[in-house]
Structures are given as C-alpha cells and as structure tokens.
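Participant: Attaching a single structure in structure tokens format; questions to follow.
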Amino acid sequence: MDAQREQRGPRGPLGPLGPEGQRGRLDRRRFLLIAGLPLLTAGAGTACAAWPGSGRPGPRVRTDLEPLNARFGPYVGSLGEAHWLGYDLDEEPGSAESRTIPGPDSRIRLVGVARLAAGGAAAVTGKAEYAFTPAAAPSPLPAALAPYAPAGAAWQHSRKFDAYANHEGAQGRPSGEYLFDADRDLVRFDLLYLYT
C-alpha cells in the first residue's frame, strides 16, 4: 500500500498534490468555467436590462380626463378628449439619463393637448379681460405628443388667463401656460405642479 501511495504522490486534505491532483483541479476549473460562463452572461444581461433607465420607455401618453378636469377644468371648461403626459420634471421624456434617487426638484410636469366642448375655446378667448393674442412660437411638445397637436393650429395666449388659472390652482400652485385654438376647440397646456 505504501508503494502505491509513493507512485501516486503525496496527498493533501483535498486530494493528491502531485501532477494528477493538479490535472484534476484544472479539469474541475475548466468545467466550472465552461458551465458557469453562460450563466454569468445571462445574469449580466438580465442585470443590464433591469438597471434603472436602461431601455426603459418614457412616460406613456395618457387619455384619461378625470385628473385634468379636476386640476384645471374649472378654468378652461370641461374636456372631451385629451392626450397628455404627467411626469417628474427630472425625468424628461427622451432623456438618456435617469435618476435612481430623489432629486431636489419635486415638480411634476403636465403637458398635452385637449379638446373642449363645442365653443369652449371661443368662450374663454372671447373674454375681454384676458386680452388673448396670437401665440408667438409655442414651446415644443415632447415627441410622444407631437402627433396630437395640429400643424396649422392658430394658438392664442394670454398671460392674464395664465395668472388667473395658476393663482387659483389648488395642489401646489401650478405655473405654466395655456394656449387655445378657438377654431378647433383645443387647449394646449404645459404646467408645473409642486409634488405634494
């Protein structure tokens, strides 16, 4: 038995220490590397896909009317149809960056285009105290909303109306602007609300 042990070489607590033991360890390492590589690759792909902001779509276009009618319906009139976005101002749609911790800016942006009841836009823009004038160049809409803003719209704006609607706003005193197209009974809004 001692002669056989001498031929195989010395043994350690985990097996032979000689060339045969090294080959056994190398074979196990190769096996683990070959078997583990696909698992590591799959795990890395999953982690990359789940990482905040990677491949994540921007905010979806909403069509529900209740939040809008509650926030500014009393000032513009009842909305019949809307396409809008509501999102954290620090996470602008289309931005490549996304934060994972809360930022110092706690404002929510509501931006969109909505249809008023027949004659609703004219009822607002026709009030002399607001002195509506043709809007210069409206600020660009997020790309997701561009299809809902007609190209030939004759937008009208009034700083006095904005001040009235923003001053009276409840939830965090909004700021922003309202543009109206009386021919199409549309209102285009771009507002900031303090998140409360």
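Participant: Taking only the stretch 128-157 into account, find how many residues are in contact (Cβ under 8 Å) with a residue 24 or more places away in the chain and under 15 Å from Tyr178 (Cα atoms).
Facilitator: Of the residues in the stretch 128-157, 14 are in contact (Cβ under 8 Å) with a residue 24 or more places away in the chain and under 15 Å from Tyr178 (Cα atoms).
Here's the yes/no breakdown for (1) within 21 Å of Gly80 (Cα to Cα); (2) at pLDDT 95 or above; (3) part of a loop (DSSP other than H, G, I, E, B); (4) among the polar types (S, T, N, Q):
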position: Leu110; (1), (2), (3), (4): yes, no, no, no
position: Pro147; (1), (2), (3), (4): yes, no, no, no
position: Ala163; (1), (2), (3), (4): no, no, no, no
position: His167; (1), (2), (3), (4): no, no, no, no
position: Gln171; (1), (2), (3), (4): no, no, yes, yes
position: Glu177; (1), (2), (3), (4): yes, no, no, no
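The values are calculated or read from the model by the stated rules, or taken from the named source; none is laboratory data. Bear in mind the structure is a predicted one, so any value in this text is a computation, not a measurement. Cβ: placed from backbone, ideal geometry, glycine included. Neighbour counts: every protein chain shown.
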